[in-house]
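Colleague: Take this structure first; my questions come after.
Derivation of every value follows stated rules applied to the coordinates shown; laboratory data play no part. Quantities reported herein were computed from a predicted structural model and do not represent experimental measurements. FYI the Cβ positions are ideal-geometry reconstructions off the backbone, even for glycines, and counts take in every protein chain you see.
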Amino acid sequence: MTTRERIESASLPVVKALNGMPRAVPFLIVLALMVGGILLPAPGWLLLVPVVLFLTWTLYLGWPALDMGARMGRITVVLIAIAITLTQAFPR
């Protein structure tokens, strides 16, 4: 079994749970964590870490099915989330 197959197999229960939710729920959770991570003081950036991990995980799972444009768009979103996290974690 390859690493990808193991990750996909381990992710299946979570993907099924997410699939059972209304589409707006995961989006609103990510949005709430992003807004909280941006607006809350010092340790608030910790709310952004699960968002970056979630976005990276969904990018990894969806990668084989995505065309080049969708891949670049999702990579851009992950990089922006990482940049926001680092900016909040290490302000000037």
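Colleague: Can you give me the number of residues within region 68-92 that are of a type in the set (A, V, I, L, M) and in contact (Cβ under 8 Å) with a residue 24 or more places away in the chain?
Modeller: Applying the first criterion (of a type in the set (A, V, I, L, M)) to region 68-92 yields 68, 70, 72, 75, 77-84, 86, 89.
After this cut, where a residue has to be in contact (Cβ under 8 Å) with a residue 24 or more places away in the chain as well, the list is 78, 81-82, 84, 89.
Qualifying residue count, region 68-92: 5.
Colleague: Name the residues in region 1-11 that are surrounded by 10 or more Cβ atoms within 10 Å (Cβ to Cβ) and more than 16 Å from T56 (Cα to Cα), would you?
Modeller: Within region 1-11, R6, S9 meet the criteria.
Colleague: Now a separate question. Anything in region 42-87 that is among the aromatic types (F, W, Y) and touching a helix residue (DSSP H, G or I) at 6+ places or on another chain (Cβ under 6 Å)? List them, or say none.
Modeller: We begin by selecting, within region 42-87, every residue among the aromatic types (F, W, Y); these are 45, 54, 57, 60, 63.
Within region 42-87, just W45 meets the criteria.
Colleague: Which residue is surrounded by the most Cβ atoms within 10 Å (Cβ to Cβ), if the candidates are limited to region 44-92 and must be within 15 Å of the chain's Cα centre (by Cα) and among the charged types (D, E, K, R)?
Modeller: Filtering region 44-92 for residues that are within 15 Å of the chain's Cα centre (by Cα) and among the charged types (D, E, K, R), the one surrounded by the most Cβ atoms within 10 Å (Cβ to Cβ) comes out as R74.
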